[in-house]
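To start, the structure itself, in structure tokens.
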Amino acid sequence: MRLDKSASRFLRTLERAGLGTGAPSLGLAVERCATVPAITKIDHVTFVTTPELKQSFIERWEDRGFKHHGEWHTSQYAASHTALVNGACEAYPWAEMVGLTVKTGSNAPLDRTVDPAVGVEQAQHVAFNVDASADASALYSLQQRLGFEMMTPVLSYSNETGAGLKQWFTRPVDGFFIEFAQRLPDAHGEPFGGFHPETIEDLYQALDHEHHIEDRAEGLGEAFGHAFQRDEQLQVRWPVIW
């Protein structure tokens, strides 16, 4: 897929994360986001892996100049969520962020996407940053018109200082999905700089719900298929006589 120069604000971070735009769903997302000035950069790239590979993943990114930014733990969908950051930019205290999610207990969405036999981490999602001054609801509607299939509405959170975080997510394709994150500043101008267990639990609940919808759709498809086959058999066995 050929991308115009407006996509360059996304490509460096994706290349550093080892992704490029080879995956069709990611390449299409970059192409669509490149035309929207309110989508400013890659907010973060999150990987998933097994607990045994967590430390080696962190050490490898620390060797590349990234520093530990924070770690959050979820209980309903048990996992640890680590963020590593590098550099700085005008609007945020970091320029690039890489995340890692590892299950610590029962977590059906991770069980469905992490294959221990593979033995390596895999990209779970790419998050695009939305300018703090943008109208999130209007942007959400625009993205739907551009062809994004959304898994969630705009989800809103705030921390103890009053900084806000708005997130919304596309439907997964082969376990991979896109996030949009808008980090709103508090009264002192400090943006929402990390994550919160509540935001992550909401994401995993949505992933679980999406999986059950797909299961039901497949079940209905099979049921209709069997009914159609039976109908064909009945038509052959009992032909209509005119």
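Phi angles of the range 104-114 translate, via the Karplus equation with coefficients 6.51, -1.76, 1.60 and θ = phi - 60°, into HN-Hα couplings of 10, x, 5, 7, 4, x, 5, 4, 7, 10, 9 Hz per residue; Gly and Pro are given as x.
Reducing the range 159-216 and the range 70-133 to their Cα centroids gives an inter-centroid distance of 11 Å. The label-point distance for Cys89 and Ser6, in a model that sets each label 7 Å from Cα toward Cβ, rounds to 1.7 nm. Across the range 60-66, rounded Karplus estimates of 3J(HN,Hα) from the backbone phi angles (6.51 cos²θ - 1.76 cosθ + 1.60, θ = phi - 60°) give 5, 6, 5, 5, 8, x, 7 Hz, Gly and Pro being marked x.
Computed about the Cα centre, the dipole magnitude for the range 133-200 is approximately 220 debye when only Lys and Arg (+1) and Asp and Glu (-1) carry charge, each at its Cβ. Annotated for the range 1-133: lysine pairs at least 8 residues apart or interchain, Cα distance under 25 Å, count 5.
Solvent-accessible surface (1.4 Å probe) assigned to Ile200 amounts to roughly 20 Å².
Can you pull the semi-axes for the range 145-192, root of five times each eigenvalue of the Cα gyration tensor, sorted largest first, whole Å? Result for the range 145-192: semi-axes of 27, 10, 8 Å. For the range 84-157, the solvent-accessible area works out to 45 Å² per residue, with a probe of 1.4 Å and every protein chain left in place.
What percentage of the solvent-accessible surface of the chain, computed with a 1.4 Å probe over protein heavy atoms, is contributed by carbon and sulfur atoms? Please report the intermediate quantities before stating the final value.
Working: 7000 of 12980 Å².
Here it works out to 54 percent.
Take the range 1-77, drop everything but the C-alpha atoms, weight them equally and run the Debye formula without solvent; then report log10 I(q)/I(0) at 0.12, 0.16, 0.23 Å⁻¹ to two decimals. Taking Cα atoms of the range 1-77 as identical point scatterers yields -0.46, -0.76, -1.10.
Computed across the chain, the Kirkwood hydrodynamic radius from all distinct Cα-Cα pairs reaches 19.7 Å. Placing dummy labels 7 Å off each Cα toward the beta-carbon, the span from Arg60 to His211 is 2.4 nm. Each residue of the range 7-20 was assigned a 3J(HN,Hα) from its phi angle through the Karplus curve 6.51 cos²θ - 1.76 cosθ + 1.60 (θ = phi - 60°); the sequence is 7, 4, 5, 9, 5, 4, 5, 5, 5, 5, 7, x, 9, x Hz, with glycine and proline shown as x.
The values are calculated or read from the model by the stated rules, or taken from the named source; none is laboratory data. This is a predicted model, so every value here is computed, not measured. Reconstructed Cβ throughout: ideal geometry from the backbone, glycine too, with neighbour counts over all protein chains shown. Surface accessibility is based on the protein's heavy atoms, side chains included, excluding ligands, DNA and RNA. Shrake-Rupley method; radii C 1.70, N 1.55, O 1.52, S 1.80 Å.
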